[in-house]
Amino acid sequence: MSEFMLLIIVALAVIFLIVLLSFIPMGLWISARASGVRVSVGALAGMRIRRVSPARIVLPMIQATKAGLPLDISKLEAHLLARGNVERVVNALIASQRANIPLAFEKACAIDLAGRDVLQAVQMSVNPKVIDTPVNAAIAKDGIELRAKARVTVRANIERLVGGAGEETVIARVGEGIVSTIGSAEHHKMVLESPDMISRTVLDKGLDVGTAFEILSIDIADIDVGRNIGAQLQMDQAEADKRIAQAKAEERRAMAVAYEQEMKAQTQEMKAKVVEAESEVPRAMATALREGKLGVMDYYQMQNVIADTSMRDGIAGVSRVDRAPAPELPKK
């Protein structure tokens, strides 16, 4: 019975040791102690309890210790709990130390938590980056369009990485400077002869203010001549003036046609009134004859006058309104 109890105790001890070794990475602790990193077994167990991978803390700590960086393991764990990248921060600190770039641990953590690649920023401080801008089209004062493309050499500014504008702002400001410089040129040949005037003008404006970069140089990579915008605008203006003149002429023609139609209507109305008036003449004459106010000789004299007028109109070729027939004499 005592042998059986001894076996149970040994089995429980083995199981406890296996669970302990799986919970506490003893191999990682041994590596840390061998590298000069002072970390206790309780600290590793606490990382497990806080659901922090000990390897993501201890291995960067070993790397920093070997590089001679005095870092606190608790600060590394706090940065990891804040969803930061501990390995990238440590590599950035080592790179900045080798390049003699002042970079504090808190600053590196702030840059990393801000969403920027702190290691890439340190590398850009050592090795500047070249940014190619898109083609920017601008028009000189003589109306000629120029298309320019520039290459901007920038270096990361560690102090302005947090809160500083990115590459898009630098590209937009450089494009604005190119457009304003070309637009202020009196002649497009001046820009073609001295493309460096664009670089000088843009650099003098201090475009890197408020950005996370420091502009080292701006070089015009390519510049081409585009359309003659001035001539095109004059052609468009002439076409617009032509259309306006045509519209006004059409308006005057329409008014003339309307006036002609109105005059024709008035003439027809006057002719109708004349015909109506002439239709009353025979009745009036008949009434005058019956009442003795008009004699027979007067009637025949009037007929002679009418016949003579008709003959003259026929010879002259002048049309006249058809007159009503002469009234018959009343019978006595």
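The values are calculated or read from the model by the stated rules, or taken from the named source; none is laboratory data. All of these numbers come straight from a predicted model, not from anything done at the bench. Every residue, glycine as well, gets a Cβ built from its backbone with ideal geometry; the counts of neighbours run over all protein chains shown. Side chains included, ligands, DNA and RNA excluded: accessible areas come from the protein's heavy atoms. Shrake-Rupley method; radii C 1.70, N 1.55, O 1.52, S 1.80 Å.
Key figures for this structure:
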{"quantity": "Unique match (being within 26 Å of the chain's Cα centre (by Cα) and touching a residue at least 12 places away in the same chain (Cβ under 8 Å)) among D112, D132", "calculated": "D132"}
{"quantity": "Only one of A288, A272 that is out of contact with any helix residue (DSSP H, G or I) (no Cβ under 7 Å at 6 or more places or on another chain), surrounded by 11 or more Cβ atoms within 10 Å (Cβ to Cβ), modelled with pLDDT under 80 and assigned to a helix (DSSP H, G or I)", "calculated": "A288"}
{"quantity": "Helices (runs of 4 or more DSSP H) within segment 39-81 that include 2 or more residues under 50 Å from the mean Cα position of the chain (by Cα)", "calculated": "55-67, 73-81"}
{"quantity": "Count - residues of segment 65-82 that are crowded, with 17+ Cβ neighbours inside 10 Å and farther than 20 Å from V41 by Cα", "calculated": "1"}
{"quantity": "Number of positions in segment 181-191 that are open to solvent by less than 60 Å² (accessible area, probe 1.4 Å) and polar (S, T, N, Q)", "calculated": "1"}
{"quantity": "Residue in segment 202-246 that is nearest to K149 (Cα to Cα), counting only those that are free of Cβ contacts under 8 Å to residues at least 60 places away in the same chain, open to solvent by 70 Å² or more (accessible area, probe 1.4 Å) and aliphatic (A, V, I, L, M)", "calculated": "L203"}
{"quantity": "Residues within segment 17-31 that are closer than 20 Å to E87 by Cβ and at pLDDT below 80, tallied", "calculated": "4"}
